[in-house]
Structure formats: C-alpha cells, structure tokens
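Worksheet: one structure, shown below.
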Amino acid sequence: MRHFRPAELDAYLKSGHAPLLLDVREPWEYDICKLPGARLIPLRDLSARLGELDRNVEVVVICHHGVRSYHAARYLETVGFAAVINLAGGMAAWADEVDPATPRY
C-alpha cells in the first residue's frame, strides 16, 4: 500500500492519473465535503459491496483523518486489489493542505 499526503494526491490527479477515489466515511460526512468524483462506500459496507469494485483499478481510499481509510486500504490489499493508496490525513488534511474552502467538521 502506498500513502499520499493531500498535496501529493492533488498533484497526482492534476498530472492526469484517474484512480478510483473511494470514500469510506459515513453518508452524513460525505454530504459535508467530498473530493470531486469520489465514490461513497462506507467502511461498514465495504466487504458486502466488493463486487461493485474493479480489483485491477488503482484505488485511493479516503476518510476524515486517514485511520478508517488505512484499515480499508489494508483490507482491499488482502482481498486482491492490485494498487491501493491511502490518503494520509484524510479530508481534514485536504482542507488544511490543498483546499481551505473544504468544509471542516
């Protein structure tokens, strides 16, 4: 598993990479703020919804502070996902480091 800080992910996306942005927060959190194009699958639902995801696509896992996303990313690796990246610091760090207009909670 790789880890990106928000500025690294921002640069990665701007350079033309198009990973699946997988948000594992709760729906109420996702409604407050999200990265454009992010897909919501709450961590509690991830194992039941694995069939919705392509194991061969690069996945960036996102949460509030990076803890749930870390656990989700580790899980995805154990079930055969080829390229998994954890957004270290999560959406809170994204607001601090990349986009100060991102709502905080």
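The values are calculated or read from the model by the stated rules, or taken from the named source; none is laboratory data. Being a predicted model, the structure only gives us computed values, none of them experimental. Cβ placement follows ideal geometry from the backbone for every residue including glycine, while neighbour counts extend to all protein chains displayed. Heads up: the accessible areas ignore ligands, DNA and RNA and are worked out on the full protein's heavy atoms, side chains in. Shrake-Rupley method; radii C 1.70, N 1.55, O 1.52, S 1.80 Å.
Annotations for the structure displayed:
- Computed from backbone phi, the HN-Hα couplings of segment 17-24 come to 6, 10, x, 6, 8, 9, 9, 10 Hz, rounded to whole numbers (Karplus: 6.51 cos²θ - 1.76 cosθ + 1.60, θ = phi - 60°; Gly and Pro given as x).
- Accessible area in square angstrom per residue, the chain, 1.4 angstrom probe: 50 Å²
- Helix-only mean residue ellipticity at 222 nm for the chain, each DSSP H run of n ≥ 4 adding -39500 (n - 2.57), per residue, nearest 500: -9500 deg cm²/dmol
- Residues of segment 56-84 with an amide N closer than 16 Å to a point placed 7 Å from the Cα of GLU8 along the Cα-to-Cβ direction: 59-63, 66-67, 69-71, 73-74, 83-84.
- Per residue convex hull volume, Cα atoms of the chain, in Å³: 88 Å³
- Net charge of Cβ neighbours under 13 Å - reference ALA11; Lys, Arg +1; Asp, Glu -1: -1
- Under the convention that each Lys and Arg Cβ holds +1 and each Asp and Glu Cβ holds -1, the size of the dipole of the chain around its Cα centre is about 180 debye.
- Backbone amide hydrogens, once placed in the peptide plane, bring LEU40 within less than 5 Å of ASP23, excluding anything fewer than 5 places away on its chain.
- Full-stretch length increase - ALA18, ARG74 - with 0.36 nm per residue and alpha-carbon distance subtracted: 18.1 nm
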